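To start, the structure itself, in C-alpha cells.
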Amino acid sequence: MYSHTILLAAYGLWAIAAFPLALPSPQGLGTGADSCPSEALNNDTWIELDLDNFLLEAAHNITPAETNNVQALAEYFGAPNFFCGLDNFCNAGQPCLPVTTPAWYVMVAIQNWNQYMNSLHTAVMFATSIMSLIIPQVVNDFNPPRKGRDTPMKNMIGLFTLVLGYIPWSGQMTKFGDFVGNARFSLAHGASRIKPTVQPDQFMIWSDVAASLGGLAQDYQRAIGVELKRLLDSPIDAKDGLGSILGGGDFLGIAQNFSQADLQERVTDVITRRAIALVLQAQKAFIWRFPNGCQNEEDFADVLCMDGGDDEGGMAGYKLIKPDFKRHGNANAMHKEAELLIKKYGMTKDEIFLGPIRCYENNGRQQLANPFGDILPQDKSADCLFNLQICSKEDPSWKGEGIIKNCLRQGLDLA
C-alpha cells in the first residue's frame, strides 16, 4: 500500500489519496488460498451465491452495537482486525486467509466500498485543485462581476459531482471514465447523502475563488466522512444500512486506481465552459433575439444572423449583450467577450447563441434551465451547459422602449 499526498496550501486543506496496490484477485495466492478456490469477482457470482440473503442472515446473528457494526460483522466472519473508515483501508486478504467463502466475497465488497468512499473524499480535493487552475483564468478573461453579482454556491455543486461521477468503483461493467454508469451508480448508492447542504445565502465569490472553493470542499468532505461513519456504525440490515449499498454485488470486483491527471483530462473542457457561463450569468449577460435587420455578422463575433426574418425584411438575429450598470437602462454589446469565446475557448456561434435558445425553448421557456440537476454532462457542447438568459423582441409585451426595460418586462433578472 502507498499514499499519494497533495497539499493545497491555497485552501489550507490536506487531500490524502491512498490507493491499495495489493488488491484481491479471483484466485488465491499461497498454499492456504490455493486450497480454497474462489469464483470470479463480479455481480453474477454475488447473485448466483445469493449473497444478499447470506449477508442478511449473518447480520441477524450479530447483536447490534451503537458503533462499528461493520467491524462486528468482520469479526463474526473471522477477521477481527478488519477496520474500515476514512484513511483506513480494510483489506479482505485472500480466500480462506483468514475468511472462507462465501463470506470472503462480502468482505471484498466492503473493502471496495470503503475504498470508493475514500476515493470520493480525495476526489473532492482533486476537483478543487482542477477548478483552481481553470476558474481564475476564466474570471481574468471575462472580468469578475461587480460586487453583489456573485453566484449562488448551489450552482457550483455540479462541478464537483462532474468530477466525482468519474470515480471508478468495482464491478464487472466498470472501467475508469464510464461517466454515465458512475453517475447513475453514485445516485443509487447514497450520493444524495454525501452532497453538502448549501444555504441560500452562500455564494461563489469570483474575486476570491480559493476561499469559496475551499469552503465548499470542506463541506463536501465533511458530508462524505459523516456518511461513511454512519454506514459503518449502522446495523448492516438497517433499511439504509450498508447491506442496501452492497446489495446486488456492484462492489464485488477488482478495485481500480486513478489520479488527478486522469480526472483533469476528462473534465477540464466541461468545467471551463460551465464556469464561463456562470461568470457571464453573474454579469447578467443575455441573448437578445430580434426578428429582422441582422447584417454584417462576419464583422461582429457577438452577432449571429439567421434566415427566417419577418415580413419587414432582412435576416433574424441574435446578439450577446449585458446591462450597463453605470448608465442605468442601457445595454452594452459584448463583442470582446464573444471573440474570446470563439478564438480562445473554441466555441462556435451555434454553441454560444443557439444552444441557450434551444435550452430555453425545450424547457418550457424557463430562464437558465438546468435539466442536469447536480450532475453535469460530459459533453462540453450539450445544450444548457453554456446557458444564458433569453430576451426576444418578438414577445407580445415588447413596446417602444429600450432593450433593458422590455427584457425586464419579460422576467429577465438584470438587476
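Checking each residue in segment 224-276 for being surrounded by fewer than 18 Cβ atoms within 10 Å (Cβ to Cβ), in a helix (DSSP H, G or I) and either of a type in the set (A, V, I, L, M) or not assigned by TED's automatic domain parsing to the domain that holds Pro196 (or both) picks out Val226, Ala261. Going by the conditions given, is Asn332 touching a Lys or Arg at 6+ places or on another chain (Cβ under 8 Å), surrounded by 13 or more Cβ atoms within 10 Å (Cβ to Cβ) and closer than 30 Å to Ile134 by Cα? Yes: the conditions hold for Asn332.
Of all residue pairs spaced 6 or more apart or on separate chains, none has beta-carbon atoms under 9 Å together with a first member in segment 394-415 that is on the phi > 0 side of the Ramachandran plot and a second member that is modelled with pLDDT under 90 and surrounded by 11 or more Cβ atoms within 10 Å (Cβ to Cβ).
The set of residues in segment 379-392 that are surrounded by fewer than 18 Cβ atoms within 10 Å (Cβ to Cβ) and in contact (Cβ under 8 Å) with a residue 40 or more places away in the chain contains only Asp379. Only one entry in Thr101, Thr122 is of a type in the set (Ser, Thr, Tyr) and modelled with pLDDT under 95, namely Thr122.
Quick grid of which residues meet (1) in a loop (DSSP other than H, G, I, E, B); (2) touching a Ser or Thr at 6+ places or on another chain (Cβ under 7 Å); (3) on the phi > 0 side of the Ramachandran plot; (4) not charged (D, E, K, R):
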| residue | (1), (2), (3), (4) |
| --- | --- |
| Phe83 | yes, no, no, yes |
| Ala92 | yes, no, no, yes |
| Thr101 | yes, yes, no, yes |
| Val106 | no, no, no, yes |
| Ala109 | no, no, no, yes |
| Trp113 | no, no, no, yes |
| Ser119 | no, no, no, yes |
| Thr122 | no, no, no, yes |
| Met125 | no, no, no, yes |
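Condition first: part of a strand (DSSP E or B) and in contact (Cβ under 8 Å) with a residue 40 or more places away in the chain. Can you find one or more residues in segment 291-305 that meet it? Yes. Against the list (1) over 19 Å from Gly158 (Cβ atoms); (2) β-branched (Val, Ile, Thr); (3) at pLDDT below 95, the condition Thr348 fails is (3). For Phe353, the stated conditions hold: it is of a type in the set (Phe, Trp, Tyr) and either farther than 26 Å from Val138 by Cα or in contact with a strand residue (DSSP E or B) (Cβ under 9 Å, 6 or more places away or on another chain) (or both). Restricting the search to helices (runs of 4 or more DSSP H) fully inside segment 318-415 and requiring at least 1 residues that are under 29 Å from Gly165 (Cβ atoms) and not assigned by TED's automatic domain parsing to the domain that holds Gly165 gives 335-343, 355-362.
The values are calculated or read from the model by the stated rules, or taken from the named source; none is laboratory data. Just so it is clear, the structure is predicted and the values come from calculations on it, not from any experiment. For neighbour counting, all protein chains shown are included, and Cβ atoms are generated from backbone atoms with ideal geometry for every residue, glycine included.
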